[in-house]
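See below for the structure under consideration.
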Ligand code: ADP
């Protein structure tokens, strides 16, 4: 209940209004004192009195009633507070009309509890007299909540500022609202300088509202190259996600400086490039070595034979029979042809690699054509091998370059004979699969070791089981070139000691005349 002073009688104790005000003030939790125009305390509320009682103020002080509040403040040791003179200052300003009201938060700790109060001073008129109200509100709970909040905010800021990734929040208008230290560092700004800038200015794009966010949104993110404040460009990984809050959306952007990653990627690509270059160089060296070893083996034999025949003719020509002379000359001729053939093979391969071949395909019956090619072998090898032809079709029309395909087929047939024992069967099968001719040349020969199969089409490459059998390692490389000129494929299956099957798949129709670059 409001307690009126003796000196002044501001209220008619019987009036309803006064009772109402007393009751209302008593119901408030703030400690309230009513002052006259000289700052004399003329009334206090229940909370004021309770506070005085609780804090051990002597009852003789009559809760300050009749005392001048300014003097109380000026001489204050109240609440051990340094703020009392400030409250007095504010009170004076309000009394002089410099301020309408005044407010100050101050600590007011008890030996057992930390407390904070807010003092409020305001003026009003009562019955034509100026009056002042001083209210002290305990705001400890609010203060503690505020403290906890700002502590957790500081903790979050500390975490955000210590992560390496840039974290930015953007409002729906594309303006940066918060940015951590890493974000500022990535873009070359000082702490706090990013706030208020349009995001798209940093990303170097155009902001088209929600559409831009839709484009940037997504789990995968984007790799971008952006300009820093100092003009340098930096590669970043950027991802944006919408965060729906009660009062609208914000967009969180995670930014990662990927300079190091990019450098590593470039380094890896460079390493790979170098590795491939080295590999190519190694392959070239191996090719050269194979070429040289083929030359030394395969050229030496016919040359030695030519030399032998020549010596025989020179030394014993006059005493030898015409048949012996004829035989020596024939041998020279055969060996020269062999050498010519070998040189021709090397030339064919290198021409295919550099200039390419022109294929002149013409329509013909493939069955008749294959029979013709095979006939020559049947004639020459009928004593040593069984060379057989198999085809269930009456006719098979195909477009081929007769000369080039003959080269491929004769290589495969002569290999089948060369790598088979005497009496072995060499089977030439011709069939059709959809719009392709399938030619299979199968033998019962030595087979190809699995370790050599992958490299068999490389020029000069020979399998390890061919030591005693002469050869250059060029035939298959040339054969494949010829088959591919016809847009066909060449493959094989082989088992050591069982035999080998080479298979050509050949389109029956060729596209119009074209140049093949090997
Ligand atoms: P070469 O002049 O050595 O016969 P090719 O290029 O024609 O050269 O063949 C390459 C290698 O493939 C041969 O050296 C041989 O090891 C293997 N090869 C080819 N055809 C056969 C086959 N029918 N049977 C077994 N090995 C074969």
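Any read-out appearing in this document is the output of simple, stated calculations on the displayed coordinates, not a laboratory observation. As the structure is a computational prediction, the values presented were derived from the model and not from experiment. With ideal geometry, Cβ positions are generated from the backbone for all residues, glycine too; neighbour counts draw on all protein chains shown.
Take the residues in the stretch 481-498 that are surrounded by 21 or more Cβ atoms within 10 Å (Cβ to Cβ) and without any contact (Cβ under 8 Å) to a residue 60 or more places away in the chain; name whichever of them is farthest from the ligand (Cβ to nearest atom). Break it down into steps so the answer makes sense when it comes.
If we filter the stretch 481-498 for residues that are surrounded by 21 or more Cβ atoms within 10 Å (Cβ to Cβ), which is where we start, we get 481-483, 485-486, 488, 494.
Now restrict to residues that are without any contact (Cβ under 8 Å) to a residue 60 or more places away in the chain: 488, 494.
Working: 488: 18, 494: 6 Å.
This residue is 488.
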In the set 86, 132, which member is surrounded by 15 or more Cβ atoms within 10 Å (Cβ to Cβ), touching a strand residue (DSSP E or B) at 6+ places or on another chain (Cβ under 9 Å), in contact (Cβ under 8 Å) with a residue 40 or more places away in the chain and under 26 Å from residue 52 (Cβ atoms)?
132
Condition check for residue 396: away from the ligand (no atom under 16 Å from the Cβ), more than 30 Å from residue 350 (Cα to Cα) and surrounded by 14 or more Cβ atoms within 10 Å (Cβ to Cβ)
yes
Could you go through the stretch 412-419 and let me know if any residue there is more than 8 Å from the ligand (Cβ to nearest atom), in a helix (DSSP H, G or I), within 15 Å of residue 372 (Cα to Cα) and in contact with a helix residue (DSSP H, G or I) (Cβ under 6 Å, 6 or more places away or on another chain).
yes
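Mind telling me which of the residues 477, 454 ends up being within 9 Å of the ligand (Cβ to nearest atom) and under 45 Å from the mean Cα position of the chain (by Cα)?
Values: 454 fails: within 9 Å of the ligand (Cβ to nearest atom).
After applying the criteria, what remains is 477.
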Do we find that residue 389 is touching a residue at least 24 places away in the same chain (Cβ under 8 Å), buried (at least 20 other Cβ atoms within 10 Å of the Cβ) and not in a helix (DSSP H, G or I) in this structure?
no
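Yes or no: residue 422 within 9 Å of the ligand (Cβ to nearest atom) and closer than 30 Å to residue 296 by Cβ? Quick ask: steps written out before the conclusion?
On the way: within 9 Å of the ligand (Cβ to nearest atom): no; closer than 30 Å to residue 296 by Cβ: yes.
Answer is no for this residue.
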